[in-house]
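To start, the structure under review is shown below, and the notes come after it.
The values are calculated or read from the model by the stated rules, or taken from the named source; none is laboratory data. All figures in this text were calculated on a predicted structure; none of them were measured in a lab. Note that we place each Cβ from the backbone using ideal geometry, even for glycine, and neighbour counts take in every protein chain shown. Please note that ligands, DNA and RNA were not included when accessible areas were found on the heavy atoms of the full protein model with its side chains. Shrake-Rupley method; radii C 1.70, N 1.55, O 1.52, S 1.80 Å.
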Amino acid sequence: MPVKKPVVVVTRKLPEAIETRMMELFQARLNHDDHPFTQAELIEAVKTADVLVPTVTDRVDARVLSQAGPDMRLIANFGTGVDHIDLATARSRGITVTSTPGVLTEDTADMTIALILSVSRRVAEGERVIRRGEWSGWSPTWMLGHRIWGKRLGIIGMGRIGQAVAKRARAFGMSIHYHNRNRVHEGIEQELEATYWESLDQMLARMDIISVNCPHTPGTYHLLSARRLKLLQRHAIVVNTARGEVIDENALTRMLIASEIAGAGLDVFEHEPAVNPKLLALDNVVLLPHMGSATIEGRIDMGEKVLINIKTFVDGHRPPDRVLEGLL
Ligand code: 8YV
């Protein structure tokens, strides 16, 4: 007798190859028009499915999870960050949570460097000038940015992505500094010629460029608070490709308006998809709509990871990318 395939609800449209495989392997319910799920749709999904595949646009909170049906055993997140999932409630209900680490490291690091260059060398600003038809010709003292070669880069969060940023930044001639909960292995520090700062405050006060590469957790919420942002030098720039919540966005905006720091490159925001309107008016800011891992190769790799996590789980094995193991 054929075995019943598990019901898998996928909340957003995924690359075609992934969706096809999802249909072959599971009883998959796909989101053909790619609309973001409402809370009601999420509740309906966890009530009826065996597996939920959410993304960063879903708020899988306690209210949703408290209504999970008896078959809901796995949340196979499409993405690395899991701050949109209430892990404590998932744990209490015996639901395993997996993510997709590793496969978006290089793309996100690339985007971090793109933002560092864009802000320092005024790339987006220059492009806007041309599009507005305002370029009247070259001048030796016009549109001057800052050289990144020889600058100090302070990386907050020296995990996979932080290290990938450091490797690239070395090639661009920056010196590497970092703050992390734990000091990284000596060999890695040596390879990156990286300086560890136990005190984030001390590091912030001395850097030219800050890159946020840590996850958003209760411990990193507003890690760059108004007080800490004040420690930055006036010529410093801040780049964030991690999560908006790690920076007090209002405080950052106030400081940019007052020229208390020189610029910012933001791929993520505190209240996505809303962006503080005051940021839109600033020329010294480059804003991207959460595109850090947005490559077709990356999305397919993420999808493959989701498939592997689900398949191993439903086959009775421990999925490779467990964030949380349902212990019930
Ligand atoms: C993803 C991300 O695109 O993986 C993450 O944590 O921030 C993004 O790059 C998104 O989360 C997909 O859910």
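Would you kindly find the accessible area of residue 110, with a 1.4 Å probe and non-protein molecules such as ligands, DNA and RNA excluded, rounding to the nearest 10 Å²?
Its heavy atoms expose roughly 80 Å² to the probe.
Mind checking the per residue accessible area of region 105-287 for me, 1.4 Å probe, whole number of Å²?
51
Which value, in Å² and to the nearest 10, is the accessible area of residue 313 when all protein chains are kept and the probe is 1.4 Å?
The accessible area of residue 313 comes to roughly 50 Å².
Near residue 108, within a Cβ-to-Cβ distance under 10 Å, what is the net charge of the other residues, with Lys and Arg +1 and Asp and Glu -1?
Net charge around residue 108: -3.
Heads up, I need the accessible area for residue 144: 1.4 angstrom probe, whole protein in place, Å², nearest 10.
100
Any idea which of 313, 11, 323 is furthest toward the positive side of the dipole for the chain, if Lys and Arg beta-carbons carry +1 and Asp and Glu beta-carbons -1?
323
Would you calculate a helix-derived [θ] at 222 nm for the chain, using -39,500 (n - 2.57) for each DSSP H run of n ≥ 4 and dividing by the full residue count, to the nearest 500?
Mean residue ellipticity at 222 nm (helix-derived): -10000 deg cm²/dmol.
Thinking of region 1-75 as a set of Cα atoms, what percent of all their pairs are more than 17 Å apart?
So the portion of pairs separated by more than 17 Å is 41 percent.
Arranged from highest to lowest average of other beta-carbon atoms within 10 Å per residue, in what order do the peptides 153-166, 127-140, 201-214, 294-307 appear?
153-166, 201-214, 294-307, 127-140
Taking the mean number of other Cβ atoms within 10 Å as a proxy for protection, how do you rank 226-235, 257-266, 182-191 from highest to lowest?
Final packing ranking: 257-266, 226-235, 182-191.
Ignoring any ligand, DNA or RNA, what whole percent of the accessible area of the chain comes from carbon and sulfur when the probe is 1.4 angstrom?
Result for the chain: 54 percent of the exposed heavy-atom area is carbon or sulfur.
Taking the chain as a Gaussian network, where each spring joins two C-alpha atoms under 10 Å apart, which residue of 73, 318, 122 fluctuates the most?
For the chain, modelled as a Gaussian network with Cα springs under 10 Å, the answer is 318.
Restricting attention to the alpha-carbon atoms of region 147-211, what are Rg (one decimal) and Dmax (integer), both in Å?
10.5, 31
Which lysines, if any, have their Cα less than 22 Å from the Cα of residue 151, not counting same-chain residues under 8 positions apart?
Candidates past the 8-residue exclusion: 167, 230.
Only four residue types carry charge here, +1 at the Cβ of Lys and Arg and -1 at the Cβ of Asp and Glu. Report the dipole size of the chain about the Cα centre in Debye, rounded to the nearest 20.
Taking the Cα centre of the chain as origin, the dipole is about 500 debye.
Using a Cα-Cα cut-off of under 28 Å, which lysines could be cross-linked to residue 4, ignoring same-chain neighbours fewer than 8 residues away?
Of all the lysines, those that pass the test against residue 4 - Cα under 28 Å, at least 8 places apart if same chain - are 13, 47, 305, 311.
Which three extents, in angstrom, do the Cα atoms of the chain have along their principal axes, listed largest first?
The Cα atoms of the chain stretch 78, 49, 33 Å along their principal axes.
Using only the alpha-carbon atoms of region 105-287, report the extent along each of the three principal axes, biggest first, to the nearest angstrom.
That works out to 52, 33, 28 Å along the principal axes.
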